[in-house]
Amino acid sequence: LVAQRAMSNDHSKAIGGDTDVTPDDQVPANLRRVDGTSQFRVAGGQLFTSPAVLAAERRILAVAGLAGARTIATDDVELAMLEWTANNGGRQLNPAQAQMVRDVGTTGSRVCLALAPAGTGKTTVMGVLARAWQASGGSVFGLAPQASAAEELRNALPAVDTDTVDKLVHEIKQGDPERRPEWIDRIGADSLVIVDEAGLASTTNLDATIDYVTGRGGRVLLVGDDRQRAAAGAGGVLRDIDAAYGSSSLVEVMRFSDPTEGRATLAVRDGDPAAAGFYTDRGRLHTVTSDTAVATLYAAWASDVAAGRQSLMIASTLDQVSQLNLLAREDRLAQLPGEAHQGLEVTLPNGETVSAGDTVITKENARHLS
């Protein structure tokens, strides 16, 4: 009933209705239900998308297969890498990083894909690539799905105009051409637009971004990890691009001084059960029940905060998130002197209460929020 309502609502109709994309089990008639579906299909496990999303995926794949975009000479690439080495005490890019810079810089694909697990040095690669591209006379722009990621990208590429994917999409679709940021109009045939954390961007936003940039003759570099946290909206197109045209990849985790720790993170990424054993042996996994999970997590977080550490609580359900938020807020207010905690309060649409001093994380890129 819920699915029927979702498929019949106004938004669904506006984007062309919903399409069932659940793989069909090839089973004989005696193993099918009355409605014709396989008995092995889990009730409520259907996957739906819209024709608009499917069309966006097709457009992205079509453009990703096109060549003829601007490239940079091998000498410019090598010079940029030598410059980075000179500025970093003689350190050199590892072979995978160096190859990624060469692949992206000298290959004329309209859309390039760089897959980089966390901690493998993608920021370094983007910096060297941007330097090589600019030295050859081109312009570089940076985009990210979230404002926080865009800020990190801006810090990593200080000489590059950087903003969110949502900002670009908003401006080219419904913004006032007379008032939009001038960097958007500077994107052209000599431009490389780097989309960091591309796996977090929705397929429709990537489609609009790629269409705009390539339509003006520019190139798009999608940087991300197809096995990390996915987009809040319809996503997954990175795997399609990789399957159809391949990608440049980083495989060596640079973040840890102990290489074993790096290999363990890659095992988690690959879904290797051995990773659970690695962390269990080191006392980093703790067994909880549904009754004790929230209390255990909160106690660990509160201990971290009291010790001056930066800590983050992540839960599986919105209900657990609300419980954790409530516990954190109650503890904070209890530590305030006298009547200081009895200030103005605001109740949010989800029922949670906030007041001055609470930490607020927005769920949308809405710049009018202050």
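Does at least one position in segment 139-161 carry a residue that is assigned to a helix (DSSP H, G or I), hydrophobic (A, V, I, L, M, F, W, C), open to solvent by less than 40 Å² (accessible area, probe 1.4 Å) and modelled with pLDDT of 95 or more?
No - not one qualifying residue is present in segment 139-161.
One residue is enough: does segment 216-226 have a residue meeting the conditions under 20 Å from Arg110 (Cβ atoms), modelled with pLDDT of 90 or more and open to solvent by 60 Å² or more (accessible area, probe 1.4 Å)?
Yes, the conditions are met somewhere in segment 216-226.
So is Asp176 outside any strand (DSSP E or B), without any contact (Cβ under 8 Å) to a residue 60 or more places away in the chain, out of contact with any strand residue (DSSP E or B) (no Cβ under 9 Å at 6 or more places or on another chain) and among the acidic types (Asp, Glu) or not? Reasoning before the result, please.
Working: outside any strand (DSSP E or B): yes; without any contact (Cβ under 8 Å) to a residue 60 or more places away in the chain: yes; out of contact with any strand residue (DSSP E or B) (no Cβ under 9 Å at 6 or more places or on another chain): yes; among the acidic types (Asp, Glu): yes.
So Asp176 fits the description; yes.
Would you mind telling me which numbered condition in (1) part of a loop (DSSP other than H, G, I, E, B); (2) touching a Phe, Trp or Tyr at 6+ places or on another chain (Cβ under 6 Å) Ala264 fails?
Result: Ala264 passes all but (1).
With respect to the numbered conditions (1) small (Gly, Ala, Ser); (2) open to solvent by 30 Å² or more (accessible area, probe 1.4 Å); (3) not in a helix (DSSP H, G or I), which one is the sole condition not fulfilled by Ala243?
With (1) small (Gly, Ala, Ser); (2) open to solvent by 30 Å² or more (accessible area, probe 1.4 Å); (3) not in a helix (DSSP H, G or I) applied to Ala243, the lone miss is (3).
Select from segment 41-83 the residues that are modelled with pLDDT of 90 or more and hydroxyl-bearing (Ser, Thr, Tyr) and write down the one among them that is least open to solvent (accessible area, probe 1.4 Å).
Applying the filter and picking the extreme gives Thr71.
(1) open to solvent by 20 Å² or more (accessible area, probe 1.4 Å); (2) in a helix (DSSP H, G or I); (3) under 19 Å from Val140 (Cα atoms): which one isn't true of Asn205, the others all being true?
Status for Asn205: all satisfied but (3).
For segment 96-111, state whether one or more residues are open to solvent by 50 Å² or more (accessible area, probe 1.4 Å), in contact with an Asp or Glu (Cβ under 7 Å, 6 or more places away or on another chain), in a helix (DSSP H, G or I) and of a type outside the set (A, V, I, L, M).
No.
Within segment 328-336, is there a residue that is under 23 Å from the mean Cα position of the chain (by Cα), assigned to a helix (DSSP H, G or I) and among the basic types (Lys, Arg)?
No, segment 328-336 has no match at all.
The values are calculated or read from the model by the stated rules, or taken from the named source; none is laboratory data. Owing to the predicted nature of the structure, the values given are computational and were not obtained by experimental measurement. Cβ coordinates were reconstructed from backbone atoms using ideal geometry, including for glycine residues, and neighbour counts include every protein chain displayed. The accessibility values were calculated without ligands, DNA or RNA, using every heavy atom of the protein model including side chains. Shrake-Rupley method; radii C 1.70, N 1.55, O 1.52, S 1.80 Å.
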